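The following block contains the structure, expressed as structure tokens.
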Amino acid sequence: MYMLLVRWPAFICLATTLVLFAAGAATAQNRPVVAPPGPALRNLIGEVLDKNPGVRSARAAVNAAEARVRGADRPLYNPQLEMDAEQAETRAGSLGLSQAIDWSDKRTARADVAGAELDAVQAAYAVVRQRLVGELLIGLGRYHTANAIQQLAQERAALMQRFLELAEKRRRAGDLSQVELDLARLAQTQATLQLSQTASDLAEARQALAAVTGEPNRDWPILPADIPALAAFDPQSLLSNLPELRALQARVGAVRASVTLRNRERRPDPTIGVRAGQERSFRNGNDDNYGLAGVTLSIPLFVRNNFRAGV
């Protein structure tokens, strides 16, 4: 039992290694050679990632962010169609078309903000997957460790029972004292209590796996035995590619892009329009027709609110 407890950090090392591989945290130059996990373990990880509500919610957030990127990259203003009709001493009608111009290129700034937010959401999605895979691998390690310890406890309890039976026989033969027999009974009792404790630990490990996978029981795959040491990874590479760190960096980029957008929103965008029509006059008994054509330019004046507070 002591040897199994000593090997427990190996399961933690394996979980860390596979999680880093799943998140792409090691670069090609510094990635050590390691045998891939077996098909049973890969299938289990895939099933858990596909069914987990948190992962599906994070994936939906990525889809929404991708849609916002597509929307932010579209033109900011649509053209406007204008019709005007008037009847008094004259009859006039005109048709016009106006278009606001993105003079300060707010469209690019909006696309930059949406792109940075997409990077942050994608990194958050990788974080959710990484944590779930880590919980699954650590749960598998605890389950197999608890199972192996229980098997050892069962063997020990069986040996202690045989030892107690032998001690009772020798006591009846007069080869053992009462104190020695009591010690044998105490050892057998301790082995039985330890067996009960290991059964409880195994049940807790099984419940933890059920909480992660959503399945109460199945043939849980064995973790691979050949795992690389953490010293084989480059610490700087691990930190620079860590999903949590990339998510924070992306959020910083999104805030900086938002500041740029707010600065550009302080610049007014002009609207240019063209109009064409006809005017008919009935003055002094004359029926005169005139053609109309015009160009309009309008610029909003940011006087009462210059939008500096947003910056």
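Quick check on ALA167: is it over 24 Å from the mean Cα position of the chain (by Cα), among the small types (Gly, Ala, Ser) and modelled with pLDDT of 90 or more?
When the stated conditions are applied, ALA167 does not pass them.
What tally of residues in segment 164-201 results from selecting those that are touching a residue at least 12 places away in the same chain (Cβ under 8 Å), within 30 Å of TYR143 (Cβ to Cβ) and among the hydrophobic types (A, V, I, L, M, F, W, C)?
Qualifying residue count, segment 164-201: 4.
Give all pairs with beta carbons closer than 9 Å in which a residue from segment 280-294 that is within 24 Å of LEU95 (Cβ to Cβ) meets a residue that is of a type in the set (Asp, Glu) and at pLDDT 75 or above; count only pairs at least 6 apart in sequence or on separate chains.
ASP288/GLU279; ASN289/GLU279; TYR290/GLU279; GLY291/GLU279; LEU292/GLU279
OK, next. How many of the residues making up segment 65-113 are part of a helix (DSSP H, G or I), of a type in the set (Lys, Arg) and surrounded by fewer than 12 Cβ atoms within 10 Å (Cβ to Cβ)?
Here the count works out to 1.
Return the total of residues in segment 27-64 being among the basic types (Lys, Arg), modelled with pLDDT of 85 or more and closer than 19 Å to LEU242 by Cα.
Summing the residues that are among the basic types (Lys, Arg), modelled with pLDDT of 85 or more and closer than 19 Å to LEU242 by Cα in segment 27-64 gives 1.
I would also like to ask the following. In this structure, is THR145 in a helix (DSSP H, G or I), surrounded by fewer than 16 Cβ atoms within 10 Å (Cβ to Cβ), over 24 Å from the mean Cα position of the chain (by Cα) and in contact (Cβ under 8 Å) with a residue 24 or more places away in the chain?
no
Also, quick follow-up: Anything in segment 128-142 that is crowded, with 21+ Cβ neighbours inside 10 Å and farther than 30 Å from GLN190 by Cα? List them, or say none.
ARG129, LEU132, VAL133, LEU136, LEU137
Across segment 202-233, what is the total count of residues that are more than 23 Å from the chain's Cα centre (by Cα), surrounded by 14 or more Cβ atoms within 10 Å (Cβ to Cβ) and at pLDDT 75 or above?
Residues flagged as more than 23 Å from the chain's Cα centre (by Cα), surrounded by 14 or more Cβ atoms within 10 Å (Cβ to Cβ) and at pLDDT 75 or above within segment 202-233 amount to 7.
The values are calculated or read from the model by the stated rules, or taken from the named source; none is laboratory data. Everything quoted here is computed from the prediction, not taken from an experiment. Because the Cβ atoms are built from the backbone with ideal geometry, glycine has one as well, and the counts that use them run over all protein chains shown.
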